[in-house]
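Working notes for the structure below.
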Amino acid sequence: MAENASYHFVIADDHPLFRGALRQTLETLYHDAGISEVGTLEDAIAELDERDEIDLVLLDLSMPGMRGFSGLMYLRAQYPSVPVVVVSANEDHSAIRRCMEFGASGFIPKSLGIDIIRDAVKEVMEGGTWTPPDVDLTSEDDAVAGMVQRLSTLTPQQVRVLMMLSEGLLNKQIAYELSVSEATVKAHVSAILQKLGVESRTQAVIAASKIEQGQWQAALGA
């Protein structure tokens with residue numbers, strides 16, 4: 001049954017057909033809602049910056065700019081009041097756990113039927129969380145949980161710097177992209193090293209790249 005509610009949703013997915021299916025699903029629940037569709041992380045950020053009130057972001061993990069969990073980390077750090085539900089073709093239980101540990105309000109596999117997706121969105125909009133019922137959200141390793149916790153302490157700017165380090169950018173290039181001084185970038189890099197418990201920029205990049213690929217144990221030993 002449709003509900004009258006002046007909500008605004010952002011569907012962030014690089015597949016237009018799936019965006020359309022999600023839009024139809026949302027419209028059956030909230031027929032007066034505003035819905036924005038974007039296909040990259042950069043466009044999602046621009047939409048969040050432009051609008052004062054967004055009630056929910058439905059986020060694809062694999063669209064351009066996401067870099068594994070880094071995009072989710074950035075959105076949760078930069079816009080902590082905006083719930084994010086990951087909608088992904090990746091149904092690996094460890095990936096679902098990681099998304100929830102990084103602050104997602106839910107994880108919806110793309111393989112699920114429309115009725116289940118609608119129920120999941122409604123649950124989150126009512127203040128709850130939603131994951132597939134067969135997923136155990138208990139972390140399988142204390143060391144992994146520790147790394148997740150350390151990553152979660154990064155500020156939005158530090159997450160962006162770490163993402164750019166992973167792309168191979170130099171300090172002066174990062175400074176240009178972020179419109180800050182090189183000294184500011186160096187300070188961010190130092191803080192990142194301290195928070196991640198590594199000694200060099202190279203180790204931070206290696207850890208970040210392995211984390212993005214889901215190679216958690218390898219990252220811990222970097």
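Bear in mind that the values in this text are calculations on the coordinates, not laboratory data. On a predicted model such as this, the values are computed, not experimentally measured, just so you know. Because the Cβ atoms are built from the backbone with ideal geometry, glycine has one as well, and the counts that use them run over all protein chains shown.
To the nearest 0.05, what FRET efficiency results for R201 and S81 with a Förster distance of 30 Å applied to their C-beta separation? Walk me through the intermediate numbers first.
Values: r = 32 Å, r/R0 = 1.08.
Efficiency computed from Cβ-Cβ geometry: 0.40.
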Practice task
Starting from the Cα of Q149, step 7 Å toward the Cβ, then list every residue of region 73-104 with an amide N under 13 Å from that point.
Solution key: none
Handout entry: GNM top mover of L154, L17, L193 - the chain, alpha-carbon springs below 10 Å
Key = L17
Handout entry: Cα pair distances in the chain, grouped into 10 Å bins until the bin that holds the longest one, percent each
Key = 8, 33, 34, 19, 6, 0
Fill in the blank from the handout: Extension length gain for Q173 and A46 (0.36 nm per residue less Cα distance), in nm, is 43.6 nm
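Any idea what the relative contact order of the chain is, in percent, if you count C-alpha pairs under 8 Å spaced at least 6 apart?
Details: 323 pairs, mean separation 33.9, N = 222.
That works out to 15 percent.
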Handout entry: Amide H contacts of S36 (H built 1.01 Å from N, under 5 Å, at least 5 apart or other chain)
Key = F9, V10, I11
Exercise for the section: Grab the DSSP H runs of the chain that are 4 residues or longer, score each as -39,500 (n - 2.57), total them, divide by all residues and round the 222 nm result to the nearest 500 deg cm²/dmol. Expected result: -15500 deg cm²/dmol
Exercise for the section: Express in nm, to one decimal, how much length is gained between F18 and I116 on full extension, taking 0.36 nm for each residue of separation and deducting their alpha carbon distance. Expected result: 33.7 nm
Handout entry: Nearest-0.05 FRET efficiency for L193 and E123, computed from C-beta distance (R0 35 Å)
Key = 0.35
